[in-house]
Every structure is written in C-alpha cells, then in structure tokens.
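What follows is a single structure, written as structure tokens, with notes after it.
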Amino acid sequence: MSDPRRNAAIWYAVDGYDPETKGVNGRRVAGASFLKGFARHADVDEFVCLSESPRGGKRFTETMRGFGAHQPIRRASFHNARKISPVGTVYYPAPNFASELWRRQSLGPAAYAVCGITHTTATNAVMQGMVDLRNAPQMEWDAVICTSNAVKASQNVQLDMIDAFQRERFGKVPPRPQMPVIPLGLNCDDFAHVASARKALRGKKGWGRNDIVVATLSRLTPYGKFDPFPLFMALEAAQAELGTTRKLHFVACGIYVDKHSQKVFVDGARALMPSVSFTLLDGKDENARRATLSGADIFTFPIDNIQETFGLAPIEAMAAGLPVVTTDWDGMRDTVTDDVGIRVPTRGLGPRHTGGDGWSYLSKRTSYAQYGNNLSAMTEVDLAAMTQAFVTLARDAELRKRMGAAGLKRALDIYDWSKIIPQYQDLWAELSAIRQRLGTVAQGLKANPAAPAPTKLFGPYPSETMPKGIGRCIAQACTVSIAEMFELRQYTALKNPFEKPQTLQKVFDAVEEMPDGADAEQIAKQLRFNLLTVERCYAWLLKYGYLKRA
C-alpha cells in the first residue's frame, strides 16, 4: 500500500491538459505529457481529480484510462475539496494559484497543500499572479515547481520586489512557498527514431545521403517563440562555408499562428537563406512530427524570447537521438549539455534600457506580442558561433552520432517521466511533512475575506436583520402551491437554487400542523433538520406569504 502523502489530487480543467481540443501550446502539451507519465509511473493506490463539475471528472477518468491507468479513480468537487483526503496535496498546472488558496481558506490553510508549476512567466496575468500569491493565504507547505534554474532565479527577482514592497508597507512578510527545481518530463518512447519515417521523408524530398537536414519543432511565431532571421543567416553562412561538400536543408515542423508569422518565415527564408531549402511540415500532425525528428540530422531551437522558460523540444530531439544546436537561454542551459549539443551565446541589455517596456506592457500601451517582440529585437544571438556550430556538426558525422547517443541517454536517464514523477511524489510528501509540522495553528474553519457571508457583507442593506430564531410564525393558506410558485419564479432555470422546493414544503407542512404556530427551532427538532436550513426556508416562506409572524 502506497503512502497517500506522496500522492496529489490533480486540479483538472481541459484547458490545462488537452492541446487537441484547446489548441497546441507548451503548457497544454506539457500537461498532457504529465498526465500520461503520471498514469504510467505514479506509485499510488488511487488517482484523485479535483474538478468543477462531474463532466470534468469524467473527462479526467477517460484520459487516465486511455493512458493505461488501472488504479481506482475518484473525483472531489471544488465545492468541497476536503474530499481529496487522505491525499494532502492539490497539483495545479500553473504558477498563479492564488484563487485556490482563497478557496482553501474557508477550510483552514492546513487543510491541504497546493503545488503549482511554472510555464510561461512573462504574461501580465502570471506576473500579477505572483503578486496575488504573496497576498493570498499562501503557506510554507505550498510550492511552485520551477522547471529550470533560470526561471527560479527570475521568479526570485520578482519575489524580492514583492517582499520589499510588503515589508515597507506592513513591516513583515510571510514565508515563501517552496520553490524546487524539477524539470518537465516526457515519455521518451513517443519520440524514438523511426528508420522508415526517415527514409520516406528524405526520399520524398530527394535529399541524398550527404545532405544535412536541420530541423525544428515549434510554434512558428517570430514574436512569441524565436526570431528566425539569425537562424536563416547562420544557415546561409554555414552553406557558404561548406561549399559543395554538403547541402543544407531546413525543416520547420510547426504551425503559423497568424499571417504575420507566416510572412516573416516564408519571406525571410527566401531573402536570407536562398542557398538552403525550406520545408514546412504540419506541427499538429503526429506523423509529421515523427518524420521531422527521424529525418533530421541536426535539431535546432534558437530561442531568444522571454515566452520560453524551459524548452521541451530539445529534449524531444534528444529522445530521437539528434544532436542539438540551441541558444544559451534559460532552460536550455540546464538541458543541453556539451556532450549532447552546442549552445550559442546570447546577450541582452540591462534594466535601465527596458524599464519603459515593463510599464508600457502593464498599462496596455503594448500587447504581449509587442512586448516579447521588442525584447527579442534587443537580444543578440551570436551569429558567428551559430554558424560554426552548424558547420562543425555538418562536417562530422561521428560527432553527430556521438552527441545523438549521449542525448538519448540523457533524456532516458533524467527527463523521462519515469524519473521525474518520483521527484514530484517526493516533493508532495515533503509538503505534507511541513504542513503536519507547522500547520497546527492553521487548522479548522477560518473566516475568509474573499468569500464573506453575503448577509454579513451586505448586512447594512435591509432595514433590519432578522433576529436569531426569526420568531414564531403561523402558516397561511395560499392559492398558489409552493411547487407552483417555485416553478413560476424559475429558480431551477438558473440552477443551484437556495433550497429545494421539497424542503420548503416539508417546513411549511410542519408549521401548518401547529395552529398556534412554531419557531424555527421547534421545526428543526421535529424534522431533524439543520436550524440554519429551516431559518432559510422561513425567510422564503415569509417573503411569499406562506407564513406570517405570530
């Protein structure tokens, strides 16, 4: 029997885990990959889903069964997250989970831990989310998994600024969440080299044995992923240096998110690398992705955009046995070591050059696309180093083979979900230990300023508040039945009515049996109902004349 402290309830919404339905982007691809890895490699006795509706729970169950999960699966509702017990952690597929902390507050901050994970951290929503996280009832037993050392350093920069603000305003700051560095994972078997796919692609395109195919897998967004022009210029320069000994071809497997992106890639390739062929393959097609990784000789991922925080694509290429040419940029600094590829230096400007860009983005003068595009424009990618990287690998088949083999081993040893999932489970156990050690004062139901009782918040609105117990009331005959009134008022059309009509009827019937009337306490005892439920019914029955005060 496994330890439930090493398990987590998966906060589930389709948007976080389904690129096929919601569109391909990094966090959804990573989310789907995580669920597949979790289904296959988690050491748990059950899978638990925390979702808004039964539909979400059904979708989660179907997904996990499709990935081969054989353990029992159960669902808990947002409305009563305590039902995740004995599991003590909720896994949230993003870093900005302040809303979940406020939802937890009513149950007590020690009810369970919340564990998020970084993806893109450059949006206003995520940056504001970190501010909100520190102002929410975040505790020491909560965590934000940082997928790279660079993104952890980046998040600490913002946390330092937030804490300095809070300390100046309030004199102290709460403990920070745990921020371990755990990389994203993948299912290496999904990216294994397929000889037949390589032969088919290269045969179709007429590429010879000595031709060198350089490929990338990416959303083809010059303002949101990478500027392709330095890559095109480096490939053209590499072709000039290689001369007639090797012919270079570039394959981009991805999707254009708009006409602007397509124009930049197509026109840029034509103008800047006329000596290198350019092939586009559909990034939404699994067969195209397999053909790209199998048919290539070198993989490239020349990121220069703050949208990226980790970079799964180079690891996918490593799992396919390809050497990698990438930029020395955030997550790739951790993943692409010297034995598996070549990192090209990048250089950026200091804070005094871009203070206005941050303010312009916050004040909506510039969009997210413009924000990332402008910062990319001011980031140098070392053209000479990139050119030499392609020349070196193009000329040396043994080096390509050696790096490809080392990359495959690295992917299997470090980044396969079979190696990553246990790290998640170790973290969840650690969060449970911290919560059990420090959470005593935070146990039990708590007042929640984010969800005050409405009649407390809006107490000054009515003439008066009904006294406790409301008082003795007498039933009155009405021409319209309670069921008819309830239906006429269309309460059920909006769903989740304040009470069920059957409950209202039972309370009315009990009062009607007492000619001299009855107070709510009497009826609650007689019906064995919660007193608050009866008092809510009294308020409605008084509103529509079914009761009158004695």
Legend entry - lysines with Cα under 27 Å of Lys548, excluding same-chain neighbours fewer than 8 positions away: Lys456, Lys468, Lys500, Lys506, Lys525
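Rounded, prolate or oblate: which fits the range 247-328 when a ≥ b ≥ c are the square roots of the eigenvalues of the alpha-carbon gyration tensor, with rounded for a/c under 1.5 and prolate only if a/b beats b/c?
Judged from the Cα gyration tensor, the range 247-328 comes out rounded (a/c under 1.5).
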Legend entry - Among the listed pairs Lys205/Lys225; Lys58/Lys263; Lys22/Lys263; Lys22/Lys495; Lys199/Lys225, those beyond 32 Å (Cα-Cα): Lys58/Lys263
Legend entry - Exposure proxy ranking, count of Cβ atoms within 10 Å, fewest first, for Ser432, Ser277, Ser363, Ser106: Ser363, Ser106, Ser277, Ser432
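Looking at this model, which pairs from Lys204/Lys409; Lys36/Lys259; Lys172/Lys364; Lys204/Lys284; Lys247/Lys401 are more than 27 angstrom apart at the alpha-carbon? Walk me through the numbers before you get to the answer.
Values: Lys204/Lys409 30 Å; Lys36/Lys259 34 Å; Lys172/Lys364 32 Å; Lys204/Lys284 20 Å; Lys247/Lys401 18 Å.
Correct reply: Lys204/Lys409; Lys36/Lys259; Lys172/Lys364.
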Legend entry - Rounded if a/c under 1.5, otherwise prolate or oblate - the range 332-428, Cα gyration tensor axes: oblate
Legend entry - Isotropically averaged projected area of the range 454-549, using the convex hull of Cα atoms (one quarter of hull area), nm²: 6.6 nm²
Inset, instruction - Return Tyr256, Tyr544 ranked ascending by Cβ neighbour count within 10 Å, so the fewest neighbours appear first. - result: Tyr544, Tyr256
Legend entry - Proximal aspartates and glutamates to Lys83, defined as alpha-carbon separation beneath 19 angstrom and excluding residues fewer than eight positions away on the same chain: Asp3, Asp45, Glu46, Glu52, Glu100, Asp142
Legend entry - the chain: DSSP helices with Cα axial extent of at least 15 Å and average Kyte-Doolittle hydropathy no lower than 1.0: 383-395
Legend entry - Cβ-based exposure ranking for Val90, Val257, in which fewest neighbours within 10 Å come first: Val257, Val90
Inset, instruction - Quickly estimate the mean residue ellipticity at 222 nm for the chain, helices only: each DSSP H run with n ≥ 4 gives -39500 (n - 2.57), and the total goes over all residues, rounded to 500. - result: -14000 deg cm²/dmol
Inset, instruction - Could you check the simple spin-label distance between Glu499 and Glu168, using points 7 Å along Cα→Cβ, in nm with one decimal? - result: 5.3 nm
Inset, instruction - Starting from the amide H of Ile342, placed 1.01 Å from N in the peptide plane, find each other amide H under 5 Å away whose residue is 5 or more places distant or on another chain. - result: Val324, Val325, Thr326
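For the chain, the longest stretch holding no GluC sites (Glu not before Pro) located in a DSSP loop with at most 16 other Cβ atoms within 10 Å is which?
Between the exposed loop sites, the longest stretch runs 53-463.
Every number in this text was worked out from the coordinates using simple rules, so none of it is lab data. Quick caveat, the model's predicted, so the values are computed rather than measured. Cβ sites come from the backbone with ideal geometry, for glycine too, and all protein chains shown count toward neighbours.
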